[in-house]
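Worksheet for the structure shown next.
The values are calculated or read from the model by the stated rules, or taken from the named source; none is laboratory data. The shown structure was predicted, so the numbers you read here are calculated from the model rather than taken from an experiment. Virtual Cβ from ideal backbone geometry, glycine too; neighbours counted across all protein chains shown. Just so you know, the surface numbers come from the protein's heavy atoms only, side chains and all, with ligands and any DNA or RNA stripped out. Shrake-Rupley method; radii C 1.70, N 1.55, O 1.52, S 1.80 Å.
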Amino acid sequence: AAQRVCALSVPPRALPRFPRGRTRSRAMSTMSKASSTATTIVSAKWLAENAADVKLLDCSWYLPAMGRDAKQEHAICRIPGARYFDVDKISDPDSSLPHMLPSAESFASACDALGIENGDQVVVYDGAGLFSAARAWWMFKVFGHCAVAVLDGGVPGWLSEGMAMDVTPVTLDVVNAAARASRGENINTTPKFKATLDAASVRSKQDVLDRCVGSNKNERLVDARPTPRWAGAAPELRPGVRSGRVPDSKCVPFFSLLDAETKRMKSKTEILSTFAAAGVDLCDLKTPLVASCGTGITACVLSLAAAVAVPERPKGLPVYDGSWTEWGSEDSGCPVETD
């Protein structure tokens, strides 16, 4: 049964700590039931009104320092109708880097396990507000599924509107089903979901070396990490990873695009001005932009924000999948710049 209050207790330190500021207006889908697809963000009200017509995915994932277990939380409490999509495990099992893109077949197998078909409207959310859900949004776009949107504000936003939560327990076998399917476990058939990789939405280390660095660069990399890490003034979170940034890159911390109180996306005007303050013109479609971060999660918040603010960027920004964990590795051979 659905209840108003989730039975899950979340410690205050578990939520991302964003710089505080005044409450701001936010970008928001104005789509109604008559609209065919939602492709960027939707409100809690929109989701409640259209719940019967969407496939809803809980895409929560947390950093160790956040002190939360996304799978256990989903097993205990979730927005009604949601299934769990593991952005960490639905990934390339052969890569030493965290949550790298899976193959198209692996992604399709995960979608099959979740009952998602190519014609479905998908809505993704997370428990932090707007964090890991953006990664799932980008993954669906990368594999050719345009009808995907993020629930603005996630679970906190849903609860703030007085919406119900489903506290019927589900087993971890159910929670892990899509991730297991993506790894080929207990799957003996060709996936029904048709996934096709859009290579233009992804960048490799070699792509960044060729296109974003040096005298022949023709693309600009935008980093979603906090400014002290981008500047090289703060240590990296992982051993064996250098401090600093990709040379000539710009810094737009992902949380600067979110309202400090609600964790919802800021307005289109504010998104444009935030990028502009970092020296990036989102409306300049002649200069390709690439988003990066620590491990490829929060770069997708930048990608989503670009799609929200600039309709001509329906898939947002391409993402450097390996991000700083790959580039900054002591043995990567990549140049590093610091202040």
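Miscellaneous remarks
- Among the residues of this structure, GLY162 counts as one that is touching a residue at least 12 places away in the same chain (Cβ under 8 Å) and open to solvent by 20 Å² or more (accessible area, probe 1.4 Å).
- Residue match in region 288-304 (condition: over 18 Å from GLU326 (Cα atoms), of a type outside the set (Gly, Ala, Ser), out of contact with any helix residue (DSSP H, G or I) (no Cβ under 9 Å at 6 or more places or on another chain) and open to solvent by 30 Å² or more (accessible area, probe 1.4 Å)): no
- Hey, VAL123 open to solvent by 30 Å² or more (accessible area, probe 1.4 Å) and closer than 21 Å to LYS55 by Cβ or not: no
- Residue that is most open to solvent (accessible area, probe 1.4 Å), among those in region 236-266 that are touching a Leu at 6+ places or on another chain (Cβ under 9 Å) and not in a loop (DSSP other than H, G, I, E, B): LYS250
- Residue identified as at positive phi and open to solvent by less than 50 Å² (accessible area, probe 1.4 Å) among HIS99, HIS74: HIS99
- Note on region 189-209: residues that are over 19 Å from the mean Cα position of the chain (by Cα) and acidic (Asp, Glu) amount to 1.
- In region 184-222, residue surrounded by the fewest Cβ atoms within 10 Å (Cβ to Cβ) [restricted to those that are among the β-branched types (Val, Ile, Thr) and modelled with pLDDT of 95 or more]: THR196
- So CYS59, is it surrounded by 24 or more Cβ atoms within 10 Å (Cβ to Cβ), touching a residue at least 24 places away in the same chain (Cβ under 8 Å) and closer than 27 Å to TRP327 by Cβ: yes
- Flag if ALA181 is open to solvent by less than 80 Å² (accessible area, probe 1.4 Å) and closer than 27 Å to MET265 by Cα: no
- Residues in region 267-287 that are open to solvent by 10 Å² or more (accessible area, probe 1.4 Å) and among the aromatic types (Phe, Trp, Tyr): none.
- Region 223-235, subset under 16 Å from ALA299 (Cα atoms) and either touching a residue at least 24 places away in the same chain (Cβ under 8 Å) or of a type outside the set (A, V, I, L, M, F, W, C) (or both), residue most open to solvent (accessible area, probe 1.4 Å): THR227
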